[in-house]
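Chemist: Quick one: the structure is below, and I'll ask about it shortly.
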Amino acid sequence: MARILPAAPRTPRPLGRRHFAAYTFVSPALQDLSGIDERHVGPLLFGFGAAGMIGNFVAGAALSRRVRRSVLVVAVAMAAAMPLFLLLGRTPIGGAVLLIVWGLAFGGVSVGLQTWMIKAAPQAVEAASSLWVAVFNLSIGFGALAGGIVVDTLTLHGVLWLGGACALLAALAIRTARTHEAVH
């Protein structure tokens, strides 16, 4: 199976892990970097989730045409959203807009990578799905742990830069991956 899925199993680790590393600290980022009052963080996180649902549907439609390209667009959007938060998210409006963009992009991660894995291994859909769930869940735990370490040793800024850098690494892995004939 590893021969069939050259980049797909590696991609969730940098993409998902660093998303969760940065997302774990999104509330302090919204408050400290964007100046958003604590009372507005919950509704903004709801907006992140709603944007993620929209991103899921948008990615689903795009995946029916071009799987790898769609996943690449998601990774590039996430690679841009996290570090841009540090540059353009210094106001409440900027922080809110970038959070929604980040949510929209993240909505395509799960459906995109799972679709890629299943199309790359049509003869082993159950194994590919199990691998996807395991790697994604590990990404949640390791991402939160890594984010905590970065925030403790560096700063809140560091975790957003790291999240963007790892999403960029995921984009490079996607871009250079050999593809199975069933994957576009």
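Just so it is clear, none of the values below were taken in a lab; they were calculated from the coordinates. If you're wondering where the values come from, they're calculated on a predicted model, not measured in any experiment. Backbone-built Cβ (ideal geometry, glycine too); neighbour counts: all protein chains shown.
Chemist: Go ahead and run the numbers for FRET between residue 140 and residue 27, Cβ-Cβ distance against an R0 of 25 Å, rounding to 0.05. Numbers along the way, then the final one.
Modeler: On the way: r = 17 Å, r/R0 = 0.67.
E(calc), rounded to 0.05, equals 0.90.
Chemist: For the stretch 61-184, how big is the tail of P(r) above 24 Å, as a whole percent of Cα pairs? Walk me through the numbers on the way to the answer.
Modeler: Working: 2494 of 7626 pairs.
Pairs farther apart than 24 Å: 33 percent.
Chemist: What is the diffusion coefficient of the stretch 83-154 in µm²/s, taking the Kirkwood radius over Cα pairs and the Stokes-Einstein relation at 37 °C with a viscosity of 0.692 mPa s? Write out the running numbers ahead of the final one.
Modeler: Working: Rh = 14.6 Å.
Calculated translational D: 225 µm²/s.
Chemist: What percentages, rounded to whole numbers, describe P(r) for the stretch 46-128 computed over all alpha carbon pairs with 10 Å bin width beginning at zero?
Modeler: Per 10 Å bin, starting at zero, the Cα-Cα P(r) for the stretch 46-128 comes out as 20, 42, 26, 9, 2 percent.
Chemist: Let me know the volume per residue of the alpha-carbon convex hull for the stretch 20-83, in Å³. It would help to have the intermediate numbers written out before the result.
Modeler: Values: hull volume 5.1 nm³, N = 64.
In the stretch 20-83, the Cα hull volume divided by residue count equals 80 Å³.
Chemist: OK, next. How far apart, in nm, are two points set 7 Å out from the Cα along the Cα-to-Cβ line at residue 124 and at residue 149?
Modeler: In this crude spin-label approximation the distance works out to 2.9 nm.
Chemist: Which translational diffusion coefficient, to the nearest whole µm²/s, is obtained for the stretch 108-149 from the Stokes-Einstein equation, given a Kirkwood hydrodynamic radius over C-alpha pairs, 25 °C and 0.890 mPa s? Could you put the intermediate results ahead of the total?
Modeler: Details: Rh = 11.0 Å.
Using the Kirkwood radius from Cα pairs, D works out to 223 µm²/s.
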